[in-house]
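Report on one structure; see the data block that follows.
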Amino acid sequence: MYRSIGCGEIGSTHAGKEVMMSGWVFRSRDHGGLIFCDLRDRTGAAQLVFSPDYGEKTIHKMAHQLRAEYVITVKGDVRIRPEGTENPGIPTGSVEVYVKELEILNKCEPLPFQLDQDVDIAEANRLKYRYLDLRRPEMLKNIVTRHKTCKAVRDYLDREGFLEIETPVLTKSTPEGARDYLVPSRMTPGCFYALPQSPQLFKQLLMVGGMERYYQIVRCFRDEDLRADRQPEFTQIDMEMSFVGVDDIINLVEGLVKKVFKEIRSEELPTPFERLPYSDAMERFGNDKPDMRFQLELKDMAGLASKSSFKVFLDALAAGGRVKGLLGKGMAGYSRRETDLLTAEAQSLGAKGLAWIKVKDAFESPILKFFPEDVVRQMAGRLMAAPGDMMLFVADKERVVNDVLSRMRLDIAKKQNLIPTGDKFAWITDFPLFEWNEEDSRFQAIHHPFTSPTEDGIKKIMDGGDLDLSKLKSKAYDLVLNGSEIGGGSIRIHDSELQKKILKLIGMAEEEAEERFGFLLDALKYGAPPHGGLAIGLDRLVMLMTGSQSIRDVIAFPKTQRAACPLSGAPSHVDKKQLRELYIRLNVPDEKPAAE
RNA sequence: GGGGCUGUAGUUCAACUGGUUAGAGCACCGGAUUGUCAAUCCGGAAGUUAGGGAUUCGAGUUCCCUCGGCCCCGCCA
């Protein structure tokens, strides 16, 4: 027996009782006579007292040897701490355990970094010794939050009639989307499995298979470059339902998120969440994942700009571009140097320049002479600019205007402290079905090619005839939280003919469609029910809930920016025999050593 | 592929404009210490300044290359 109670669980109600506890030595304070030692396990920490007058002499002697992270078991008596020695800083601070038996279960070498201090350790080091990093209360908290989130999700979806079903990890590479991770087949020389970017096709097949409600907390893989919120393997809460429309899915997911936030954060989210058509999001915020916690909306300035003689604005409009404005709340005091910096930033984001007008007692701007005063006043009115503010304008192609201003909107909000605490969810709906891909000179699906167009779009597509692909809308929706996309989904196509047509529209020849997705097209012929679903990025969700700066902080064993694992050393060379069995010969261009 | 930041004892940091033997806190080792809670006090050991090259009388500091880490753009349906 190692323990009768967790270190973090003792309190005044246990006073006088004998307890057994096991854990790690967090800190010890050796006074020669009395030795205090904080013992930590997953439940928390408690103060042990070793006294020369208590228990056997050998115990006290042994206690001198204790060092950080030794693993020990103790038996002792809980006592209320003497008055004045309580520690209000920890939950168990009203009591302490007088130790009468001590066993050192395992020693610990001097640590590569200290766990008991509040200093930032280089992340490379943390990852190399992740098993030590995980002992830090901060990391424990994140991992627990992640677990609780999964638990809440499972409870909720179970009650809603969902079945948790596993889908293959060794599956088929499909084009479109991210780069696949490939796994060579030994049985079929020259062929490869792909790790799933998501279980998309399988969950649709489960619907055809009559499962009606499916979910899975599932690992997905994308071989793309990493970011603070992106890992090559990440986890989705993946769901799919039959006989549903957009509203059904949105309602269900709102219920799910509400429950998670209530259980994990004790936060009562108001539902329904605000819904914003994609076109509105772009118009008002400049991107499709707006942070709705604060205002600062982008405003169209075309009408007013055309009343000016400012060539930059007029030229942009003449070329079919846009002029939009943004409120620089409280930024009238910006120096020339600071406005130059803003301009440089706008330029780095693709704009040719940035126009600004400061609002003080009078307006102040190098471009003021091009604008009649009443026009400037109206512009200020549109942006609700008050004295002390600055107005910012970008004129360019719509895409550039939105890119630049949406980015500045976030920067300004951060810099000017305009972001209130609290969480703001929103749905972005009515996405376009396709977007033009410059590189490949073809249209591609914005969501994925299995996304259903809207009803009138379906009619147009099935009728044949002339189609403006850029105008078609889809039944896709994204879930956005505080400016991060944390989920997305759609109603799917459940008609084989429509699916074939869509694949054709994105430039996929019939034979290729057959080769890539033949199994799906077949399945849709055999009584596929209408269905749709959604996937939530679990890592990102937990990251936001824990306030973590990086997705790595909510993953037990994450990868570095170069997709490597400093702990295990993956990826690594494999021996020649393994490669031979897979019929693989390396062709690495530089002089680096190939496989051993 | 591109832009930016970064690498100094185990660890967190310091070291002026290029100038003596690269310092400090914590950790570690030895000693003292009976109410501490980042205990305290005394002493000690600890460095390929990421690696390589160049400039210089002299390089942690300047320059070049390589390696690693982080942030961003591209990419991520």
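The values are calculated or read from the model by the stated rules, or taken from the named source; none is laboratory data. What you are looking at is a predicted structure, and each value in this text was computed from that prediction instead of being measured. No Cβ is skipped: glycine too gets one built from the backbone with ideal geometry, and neighbour counts run over all protein chains shown. When the accessible area is computed, the model is the full protein with side chains, heavy atoms only, and any ligands, DNA or RNA have been set aside. Shrake-Rupley method; radii C 1.70, N 1.55, O 1.52, S 1.80 Å.
The overall shape of the range A:1-116 is rounded: from the C-alpha gyration tensor, with semi-axes ordered a ≥ b ≥ c, the ratio a/c is less than 1.5. Using the Cβ-Cβ distance between A:Arg377 and A:Glu398 with R0 = 22 Å, the FRET efficiency computed as 1/(1 + (r/R0)^6) comes to roughly 0.25. Taking amide H positions as modeled 1.01 Å from N, with prolines and chain starts lacking one, the residues under 5 Å from A:Met390 and 5 or more places away or on another chain are A:Gly328, A:Lys329, A:Gly330, A:Met331, A:Ala332, A:Val359. Across the range A:528-541, computed HN-Hα scalar couplings (Karplus, 6.51 cos²θ - 1.76 cosθ + 1.60, θ = phi - 60°) run 6, x, x, 7, x, x, 6, 10, 10, x, 4, 4, 5, 4 Hz from first to last residue, x flagging Gly and Pro. Counting only residues at least eight positions apart within a chain, or on another chain, the lysines with an alpha carbon under 30 Å from that of A:Lys352 are A:Lys289, A:Lys299, A:Lys307, A:Lys311, A:Lys324, A:Lys329, A:Lys360, A:Lys369, A:Lys397, A:Lys414, A:Lys415, A:Lys471. With respect to chain A, whose longest principal axis is taken over its alpha-carbon atoms, helix A:398-415 is tilted by about 30°. Taking the square roots of five times each eigenvalue of the Cα gyration tensor of the range A:434-587, the equivalent ellipsoid has semi-axes of 36, 26, 16 Å, listed largest first. Extension gain, A:Thr58-A:Ser441: 0.36 nm per intervening residue step, less the Cα-Cα distance, totals 129.8 nm. Between the amide H of A:Lys100 and those of A:Lys75, A:Gly76, A:Asp77, distances stay under 5 Å, these residues lying 5 or more places away or on another chain, with hydrogens modeled in the peptide plane. Considering only A:Leu472, A:Thr421, A:Cys191, and ranking their Cα positions along the charge dipole of chain A that arises from unit charges at the beta-carbon of Lys, Arg, Asp and Glu, the one farthest toward the positive end is A:Thr421. Find out how many positive minus negative residues lie around A:Lys299, taking Lys and Arg as positive, Asp and Glu as negative, among other residues whose Cβ is under 12 Å from that of A:Lys299. Combined, the nearby Lys, Arg, Asp and Glu give +2.
So for A:Leu567, A:Leu521, A:Leu579, what's the accessible-area order with a 1.4 Å probe, most first?
A:Leu567, A:Leu579, A:Leu521
Couplings for the range A:294-300, taken from phi via the Karplus curve 6.51 cos²θ - 1.76 cosθ + 1.60 with θ = phi - 60°, read 9, 7, 6, 7, 6, 10, 5 Hz in order; Gly and Pro are left as x. In sequence order, the range A:550-557 has phi-based couplings of 9, 5, 5, 6, 10, 10, 4, 10 Hz under the Karplus curve 6.51 cos²θ - 1.76 cosθ + 1.60, θ = phi - 60°, and Gly or Pro positions carry x. Apolar share of the accessible surface for chain A: 50 percent from carbon plus sulfur atoms, 1.4 Å probe.
Gain on full extension, evaluated as 0.36 nm per residue between A:Glu123 and A:Leu341 minus their Cα-Cα distance, stands at 75.4 nm.
Measuring with a 1.4 angstrom probe and ignoring ligands and nucleic acids, A:His31 comes out at about 130 Å² accessible.
Multiplying the residue separation of A:His31 and A:Ala302 by 0.36 nm and subtracting their alpha-carbon distance yields 89.9 nm. Helix content alone sets the calculated 222 nm mean residue ellipticity of chain A: runs of n ≥ 4 DSSP H residues at -39500 (n - 2.57) each, divided across all residues, give -9000 deg cm²/dmol. Calculated on the Cα set of chain A, radius of gyration then Dmax: 30.3, 96 Å. The candidates A:Tyr54, A:Tyr131, arranged from most to least accessible area with a 1.4 Å probe in the full protein assembly, appear as A:Tyr131, A:Tyr54.
For the range A:332-388, what class follows from the C-alpha gyration tensor (a ≥ b ≥ c being the square roots of its eigenvalues): rounded when a/c is under 1.5, otherwise prolate if a/b is larger than b/c, else oblate?
Prolate, because a/c is 1.5 or more and a/b exceeds b/c.
The heavy atoms of A:Ser335 present about 50 square angstrom of accessible area, all protein chains included, probe 1.4 Å. When A:Trp356, A:Trp436, A:Trp427 are compared by accessible surface with a 1.4 Å probe, the order from highest to lowest is A:Trp436, A:Trp356, A:Trp427.
Which of the three applies to the range A:244-374, rounded, prolate or oblate, going by the alpha-carbon gyration tensor with a ≥ b ≥ c and a/c under 1.5 meaning rounded? Since a/c reaches 1.5 and a/b is larger than b/c, the shape of the range A:244-374 is classed as prolate. In the assembled protein chains, A:Asp248 presents an accessible area of approximately 80 Å² (probe radius 1.4 Å).
In the context of the full set of protein chains, residues of chain A present 51 Å² of accessible surface per residue (probe radius 1.4 Å, heavy atoms only).
Taking amide hydrogens as placed 1.01 Å from N in the peptide plane, the amide H of A:Ile165 sits under 5 Å from those of A:Tyr215, each at least 5 positions away in sequence or on another chain. Along the axis of the charge dipole computed for the range A:483-596 (Cβ charges of +1 for Lys and Arg, -1 for Asp and Glu, origin at the Cα centre), the listed residues A:Ala563, A:Leu524, A:Leu579 are led at the positive end by A:Ala563.
Taking only the C-alpha atoms of the range A:451-512, Rg followed by Dmax gives 13.7, 43 Å.
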